[in-house]
């Protein structure tokens with residue numbers, strides 16, 4: 001009996017840290033995942049919405065340039081965070097916007113459930129304002145009329161009509177028009193495809209758009 005009481009006393013002392021003089025163990029606060037940790041879970045959880053590219057017309061013809069263009073196009077979809085900008089409706093002035101988390105990815109197959117679909121058409125042209133200076137030998141640069149049509153997933157009960165959006169882009173002047181040039185162009189065209197789906201999904205307001213790198217959006221008049 002005495003032995004049993006002694007054991008109970010030891011257990012009681014271990015459960016009362018204030019009595020033994022040992023400080024209680026601090027309670028760790030719940031861990032809040034930072035942005036990098038959240039992003040690391042994205043491929044596993046499948047949170048990113050798939051996008052199927054049904055057609056991409058007008059890509060460069062030569063194999064090396066075409067491969068570079070497609071590599072850039074895919075790279076845009078791999079961005080985890082994209083810079084945005086706002087366009088003032090009355091004046092047309094462009095202001096920096098808040099970064100946008102990219103919740104889209106390229107579809108892994110034509111039958112992937114819940115996938116949006118896009119059709120991209122390019123028409124290349126030589127912008128009027130990018131002609132090489134007669135005193136300086138420089139590449140003139142290229143422009144492209146890019147039309148993107150985004151469609152809702154097949155499973156959507158009520159599918160709004162797909163309305164194409166067209167942008168006129170001017171790519172950098174004064175650079176060699178080589179594979180790296182077309183890779184950069186493909187990256188920016190990929191951003192337009194992302195932008196079309198994000199706008200249709202409601203992730204972008206009418207005065208918001210994605211910021212393109214070293215590429216200008218121009219009016220049709222500037223392409224003549």
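In nanometres, what is the gap between the two model label sites at residue 108 and residue 218, each 7 Å from Cα along Cα-to-Cβ?
That separation, rounded to one decimal, is 4.2 nm.
Treat the count of other C-beta atoms within 10 Å as a stand-in for reagent exposure and order 61, 118, 49 from fewest to most.
Neighbour counts put them in this order, fewest first: 61, 49, 118.
If contacts are Cα pairs under 8 angstrom and at least 6 residues apart, what is the relative contact order of the stretch 49-223 in percent?
30 percent
Sort 215, 62, 91 by Cβ crowding within 10 Å, fewest neighbours at the top.
On the way: 215 21, 62 10, 91 7.
The fewest-first ordering by Cβ neighbours comes to 91, 62, 215.
Give the percent of DSSP beta bridges with both residues in the stretch 49-223 that are antiparallel, rounded to the nearest 5.
Values: 26 of 35 bridges.
Roughly 75 percent of the DSSP beta bridges within the stretch 49-223 come out antiparallel.
In cubic angstrom, how much convex hull volume per residue do the alpha carbon atoms of the stretch 49-223 span?
Details: hull volume 22.1 nm³, N = 175.
Measuring per residue, one finds 127 Å³ for the Cα hull of the stretch 49-223.
Could you put 219, 84, 156 in order, starting from the residue whose Cβ has the fewest other Cβ atoms within 10 Å?
Placing the least packed residue first, the sequence is 219, 156, 84.
Considering the alpha-carbon set of the stretch 48-94 alone, what are its Rg and its Dmax in angstrom?
Looking at the stretch 48-94, its Cα Rg and Dmax stand at 15.6, 44 Å.
Using R₀ = 41 Å, calculate the FRET efficiency as 1/(1 + (r/R₀)^6) where r is the Cβ-Cβ separation of residue 54 and residue 93; round to 0.05.
0.70
No value in this document is a laboratory result; all are computed from the given coordinates. Predicted, not measured: the structure shown is a model, and the values here were computed from it. Neighbour counts are summed over all protein chains in view; Cβ atoms, including those assigned to glycine, are modelled from backbone coordinates with ideal geometry.
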